[in-house]
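Everything below concerns the one structure shown next.
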């Protein structure tokens, strides 16, 4: 919902977290106070500050609301994670690279 914290995973494997300010019928999304998670298998996840960001709807693979209590308990700076790879859209199914499952398993 508007003004909630969301995570957007793009089709090129970027993960952007920010406050959802606006979106339209094609999922073009405006995020405020956004940060991109930069993943590394040898060190923790770094946060690159983006500020106000517009994500084109055709680049959005997954978008979801963040549970802020759970998110604040994670120390991403000390959790190494493989970078996400591309996401392919095939018909009605979105196939996310296996790295997303590895990422999810480390946190949940």
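Each value in this text was obtained by applying a stated rule to the coordinates, not by laboratory testing. Values in this document were obtained by computation on a predicted structure and should not be read as measured data. Neighbour counts run over all protein chains shown; Cβ positions are idealised from the backbone, glycine included.
Taking the mean number of other Cβ atoms within 10 Å as a proxy for protection, how do you rank 44-52, 12-20 from highest to lowest?
With the highest mean Cβ count within 10 Å placed first, the list reads 12-20, 44-52.
How long is the gain from residue 32 to residue 52 if the chain were fully straight, where each residue apart is worth 0.36 nm and the alpha carbon distance is subtracted?
Numbers: separation 20, 0.36 × 20 = 7.20 nm, distance 0.44 nm.
The residue 32-residue 52 span can extend by a further 6.8 nm.
List the residues of segment 56-88 whose backbone N lies under 17 Å from a point placed 7 Å from the Cα of residue 19 along the Cα-to-Cβ direction.
Only 65-69, 72 fall inside the zone, counting backbone N under 17 Å.
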